[in-house]
Each structure stands twice: as C-alpha cells, then as structure tokens.
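Here's the structure we're looking at; comments come further down.
The values are calculated or read from the model by the stated rules, or taken from the named source; none is laboratory data. Quick caveat: nothing in here was measured; it's all calculated off a predicted structure. FYI the Cβ positions are ideal-geometry reconstructions off the backbone, even for glycines, and counts take in every protein chain you see.
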Amino acid sequence: MTQNTHPTLGEFIIQKQDDFVYSSGELSRLLSSIKLATKIVNYKVNKAGLVNILGEYGEENVQGERQQKLDVYANEVFIDTLSQREVVCGIASEENEDYIEIPCTTNAKNSKYVVLIDPLDGSSNIDVNVSVGTIFSIYRRISEPGTPVTQEDFLQPGNQQVAAGYIVYGTSTMLVYTTGNGVNGFTLNPGIGTFYLSHPDMKIPEDGNIYSINEGNYAKFPAGVKKYIKYCQEEEGERPYTSRYIGSLCSDFHRNMLKGGIYIYPSGTNNPNGKLRLLYECNPMAFIAEQAGGKASDGFHRILDIQPTELHQRVPFFCGSKNMVEKAEAFMQAEKDSQ
Ligand code: AHG
Ligand code: MN
Ligand code: MN
C-alpha cells in the first residue's frame with residue numbers, strides 16, 4: 001500500500017461519522033480541532049533547541065510540579081484551539097487548577113462535549129530530546145446543554161468516555177485514538193502536514209516480555225509489586241523479561257502497545273496513590289488499552305469503573321498486555337490475602 005492509498009485522518013474521521021446515522025458532526029469537528037492543535041504543538045516540539053522554548057517556565061503547576069515552557073505552550077495551544085473553534089463546552093487540564101467553562105456563544109450553545117487533557121506528557125524529557133506526548137479524553141456532558149458546565153461533567157468514570165487518544169512526538173509523530181470501536185494509529189507526514197492511517201485496528205499482544213516501571217522507587221513499592229518484579233526477572237520460560245522505561249507514559253505505553261508489555265506506576269512512591277492522574281492519564285490510556293484487547297487496573301479493580309471524586313486525583317496504574325496485567329494483579333491479591 002502506498003501513502004496515496006492510506007486514508008488521511010481527516011478522511012477517516014468523516015468516514016467514521018457516516019457510520020452513525022444521527023451524528024451531528026460535532027465529535028468530528030472536535031477531533032479535527034485536536035488534530036490541528038497537535039500539528040501546532042508538533043511544530044514547536046520539533047524546533048525545541050532552536051527557539052527559546054527549552055527549560056523551566058519558572059512556576060509550579062497545580063500538582064506542585066515545575067512547569068516547563070513547553071508544558072505551558074502546549075496547554076495554551078490546546079485550550080485556545082478547542083475554545084476558539086467552539087467545539088467543546090468545557091476543558092479540564094492537568095496544568096490548570098480548575099476546569100474551564102467555554103462561554104456559550106451562538107455556535108457553542110449546544111456543545112455537548114467536555115475534554116480532559118494532559119497537554120504535554122513526559123515533560124522531563126523535553127530538554128534531552130526524548131519523546132514527549134499529549135493525552136486526551138472526551139465525555140458527553142451530563143448537565144443540560146446551553147447551561148454552564150459543572151464539576152460533575154468532568155468527574156465521570158472512564159467507562160463513559162466517548163473518545164480518547166494520545167499523540168507521541170517521537171522519531172515520527174503519531175496520533176492514536178479510539179471512539180470505542182477499536183484503535184487506529186496515524187503517522188504525520190511532516191512535509192505536507194497530513195496524518196495518514198498507518199496502524200489500522202491496533203491490537204496489543206496478549207502476552208509480552210517488557211516491563212516498564214521506575215525501579216528507582218523500588219524500596220517504597222508495595223510487596224505485591226516487588227514480588228511481581230522478581231517474577232519478571234526470574235529465569236524461566238520466556239523470562240527474564242526486558243526492562244524499558246522512558247519516563248513518558250505516552251511513549252512507554254505506545255511501545256508496549258506495539259510489542260506487548262506492562263506499564264506500572266504503583267502506590268507507595270512519593271504519593272500514596274502513585275503519580276499518574278486518573279482523569280488526564282489513566283482513564284484515556286485504559287480505554288485505549290481495552291479497545292486494543294489489553295487491560296488496565298489499579299492493582300485490584302478496573303480503572304474505567306473508578307468513580308472520580310476530584311479533578312486531579314491520582315491512582316496506581318497497571319496497564320498493558322492482558323495476561324501480564326492479570327499476573328501482576330494476582331501478586332497484589334496474594335499479598336493482600338496474606339495480611
Ligand atoms: P507529566 O509530564 O505529564 O507530568 O507526566 C509524567 C508522568 C508520566 O508520563 C511518566 O511515565 C511518569 O510521570 C514518570 O514519572 P517518574 O519520573 O516518577 O518515573
Ligand atoms: Mn503526564
Ligand atoms: Mn503533563
């Protein structure tokens with residue numbers, strides 16, 4: 001198949017819209033706006049090092065983490081693009097303390113979608129020219145269209161997601177997304193600024209031999225995780241597994257998605273619930289993982305069934321190949337039972 005025969009992302013979005021008889025096209029417009037914002041951020045990420053965009057911004061975000069200039073830039077690009085095109089009624093971002101209400105002008109009056117976003121994931125990798133990403137999640141609002149959005153519109157369990165996706169700004173830039181009907185991946189041709197369908201109907205292998213975890217935190221890990229790591233390192237059958245950890249969830253997840261593997265960010269590190277955020281990172285990745293035949297868990301329960309209670313809530317995260325996640329869960333459960 002040559003590039004000319006691959007559908008573009010724009011064509012694909014329209015083609016999928018035609019699958020729904022009563023579709024108003026609103027979700028298609030929203031996805032197209034995300035595509036546009038992605039290209040703008042990609043352009044800047046690729047120039048990092050040449051323009052004055054590397055380094056710290058000089059402030060901390062709502063999580064008390066140092067913001068990088070690109071964190072702030074990507075956040076602005078996504079918020080401005082989505083709000084100016086009036087395709088959403090509200091946005092919640094990892095970088096903002098509170099959600100943003102998009103004022104109801106004529107066009108936006110009936111907007112029924114909210115977006116939750118991690119505008120730049122893996123930001124500690126920016127200055128060293130290692131892949132970073134973006135993660136997004138889309139829900140239908142619960143409150144009445146035409147009225148201001150409420151916190152409840154954002155605090156929905158992940159099983160209510162309408163769409164979710166991630167972008168990896170890597171050796172090539174890829175956008176991977178699902179609307180609940182499988183997962184498709186698109187690669188950007190930077191010369192002409194067009195995404196092409198390069199990875200149709202992505203499936204994560206049921207088994208794998210990669211485990212991704214920040215082992216520097218080993219001493220603080222729960223006993224179940226420590227024992228699972230030991231299991232990964234034992235010489236037996238396909239084991240020992242390979243350890244790969246980039247420190248950018250998008251990139252680690254993407255590699256495991258293609259090759260088979262497990263990503264773990266457990267509890268018991270500096271934060272009792274781990275580091276990753278349920279709404280901006282875990283729910284969208286869990287939706288994509290399940291749609292690709294994989295699994296996502298907090299060690300005991302399905303991520304997508306957790307009822308969120310706050311916007312910036314964190315949760316332990318075990319995600320990837322189905323059999324690997326189930327094995328890690330078995331170690332967690334055995335430890336719990338032995339207490
Ligand atoms: P962000 O840059 O959006 O804050 O996310 C970073 C996350 C995730 O992408 C990555 O896997 C993890 O934090 C790395 O954390 P450690 O440095 O603690 O391993
Ligand atoms: Mn992140
Ligand atoms: Mn981030």
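Observations on the model:
- Figure legend. Inter-residue proximity from segment 90-102: first residues closer than 11 Å to residue 312 by Cβ, second residues among the aliphatic types (A, V, I, L, M) and more than 16 Å from ligand 3 (Cβ to nearest atom), beta-carbon distance below 6 Å, spacing 6+ or different chains. No pairs are indicated.
- Residue in segment 286-304 that is under 26 Å from residue 12 (Cα atoms), among the hydrophobic types (A, V, I, L, M, F, W, C) and within 15 Å of ligand 2 (Cβ to nearest atom) present: yes
- Residue within segment 279-293 that is within 15 Å of ligand 3 (Cβ to nearest atom) and not in a helix (DSSP H, G or I) present: no
- Just one of the listed residues (126, 117) is outside the structural domain of residue 293 (by the TED database), buried (at least 23 other Cβ atoms within 10 Å of the Cβ), within 14 Å of ligand 2 (Cβ to nearest atom) and outside any strand (DSSP E or B), namely 126.
- Breaking point among (1) within 15 Å of ligand 3 (Cβ to nearest atom); (2) modelled with pLDDT under 85; (3) closer than 15 Å to residue 33 by Cβ, for residue 63: (3)
- All positions within segment 218-264 that are touching a residue at least 12 places away in the same chain (Cβ under 8 Å), away from ligand 1 (no atom under 16 Å from the Cβ) and acidic (Asp, Glu): 238
Condition check ((1) away from ligand 3 (no atom under 16 Å from the Cβ); (2) at pLDDT 95 or above; (3) of a type in the set (Gly, Ala, Ser)) across all residues:
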position: 240; (1), (2), (3): yes, yes, no
position: 246; (1), (2), (3): no, yes, no
position: 249; (1), (2), (3): no, yes, no
position: 268; (1), (2), (3): yes, no, yes
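- Subset of segment 132-152 (residues that are touching a strand residue (DSSP E or B) at 6+ places or on another chain (Cβ under 8 Å) and either part of a loop (DSSP other than H, G, I, E, B) or touching a residue at least 60 places away in the same chain (Cβ under 8 Å) (or both)): 132, 133, 134, 135, 136, 137, 138, 141, 148, 149
- Looking only at segment 68-113, residues that are away from ligand 3 (no atom under 16 Å from the Cβ), of a type in the set (Asp, Glu) and at pLDDT 90 or above come to 3 in all.
- Summed over segment 74-90, residues that are assigned to a helix (DSSP H, G or I) and out of contact with any helix residue (DSSP H, G or I) (no Cβ under 6 Å at 6 or more places or on another chain) total 6.
- Residues satisfying the stated conditions in segment 267-285, i.e. in contact (Cβ under 8 Å) with a residue 12 or more places away in the chain and either more than 16 Å from ligand 2 (Cβ to nearest atom) or among the basic types (Lys, Arg) (or both): 267, 268, 275, 277
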